[in-house]
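Below you'll find the structure, written out as structure tokens, and then a few comments.
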Amino acid sequence: MLKIGITGGIGSGKTVVCRLFALLGVPVYDADTRAKWVMNHDPLLRADLTAAFGPDTYTAEGLNRTYLAQVAFNDPAKLARLNSLVHPRVGHDFASWAAARQHAGHAYVLKEAALLYESGSWQQLDRIITVYAPQDIRQRRVLHRDPHRSAQDVLNIIGKQLSEEEKLRRADYVVRNDDAQLVLPQVLALHDALQQLAATAAEIPTAPSTR
Ligand code: ATP
């Protein structure tokens, strides 16, 4: 069973594309959602975060996200520390999640993550799909989806993500979600290609592509 990453900048359409794969029966791991779960439920991570950021990191209700955001999001060193603690535990969670699906007959599973390269989690994956849309379209979509965000908020997030050019350069496959091409035929073609790749890989082990 192959492990395939799917990434793309904010608003590129990762979630929409993953929904199509899910309709085809492909298990999808949503790294952002799972990271929130892991931060609340992984005892090792909880101990490490408390040691790093103090006892206010958790309340009786669980992770104190407001506190952690205040402490870490305005200090690059603390943010790097937070990421260095969280990303490996999400990687561990993904490995367990994938192992639990190993014998269910799936040719491949997907891991959806906005920061697939930035977090280093690409190293756990056999191939990477990038969902691409031009920045103006992504900004428009996000402002429509997230009315609480300003145009500057979106630009700030874009500024913290790996550039689209770099993501395209490093991708094994690209889904163009740019209002010029239909997404569904691209997903169906990719599904076929990945099933074939999995069948071939089952006969001849392939090395993960180097990025
Ligand atoms: P994020 O990184 O913020 O999680 P994302 O890459 O997962 O974003 P989506 O949430 O899938 O992006 O899409 C962003 C918004 O754009 C959503 O409201 C979605 O419904 C809309 N959208 C995505 N693709 C299209 C499309 N082809 N046509 C119209 N709207 C689209």
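The values are calculated or read from the model by the stated rules, or taken from the named source; none is laboratory data. Model, not experiment: these values are computed from the prediction. Cβ: placed from backbone, ideal geometry, glycine included. Neighbour counts: every protein chain shown.
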Would you mind finding the one in Val38, Val16 that is over 23 Å from Ala201 (Cβ atoms), surrounded by fewer than 19 Cβ atoms within 10 Å (Cβ to Cβ) and at pLDDT 95 or above?
Val16
One residue from Val142, Val109 being over 30 Å from Phe73 (Cα atoms) and either touching a residue at least 40 places away in the same chain (Cβ under 8 Å) or within 20 Å of the chain's Cα centre (by Cα) (or both)
Val109
Exactly one of these conditions fails for Gly11: (1) small (Gly, Ala, Ser); (2) within 14 Å of the ligand (Cβ to nearest atom); (3) touching a strand residue (DSSP E or B) at 6+ places or on another chain (Cβ under 6 Å). Give me its number.
(3)
Quickly run through segment 123-163 and pick out the residues that are at pLDDT 95 or above and either assigned by TED's automatic domain parsing to the domain that holds Phe73 or closer than 30 Å to Ala107 by Cα (or both).
Leu125, Asp126, Arg127, Ile128, Ile129, Thr130, Val131, Tyr132, Ala133
Please tell me if Arg211 is charged (D, E, K, R), under 19 Å from Gln124 (Cα atoms), modelled with pLDDT under 95 and in contact with a strand residue (DSSP E or B) (Cβ under 9 Å, 6 or more places away or on another chain).
yes
Only unsatisfied item for Gly5, checking (1) away from the ligand (no atom under 16 Å from the Cβ); (2) in contact with a helix residue (DSSP H, G or I) (Cβ under 7 Å, 6 or more places away or on another chain); (3) of a type outside the set (Lys, Arg); (4) within 26 Å of Ala104 (Cα to Cα), is (1)
Could you go through segment 35-54 and let me know if any residue there is within 16 Å of the ligand (Cβ to nearest atom), in a helix (DSSP H, G or I) and of a type in the set (Gly, Ala, Ser).
yes
Hey, any hits in segment 26-33 for a residue that's within 30 Å of Arg141 (Cβ to Cβ) and either away from the ligand (no atom under 16 Å from the Cβ) or in a loop (DSSP other than H, G, I, E, B) (or both)?
yes
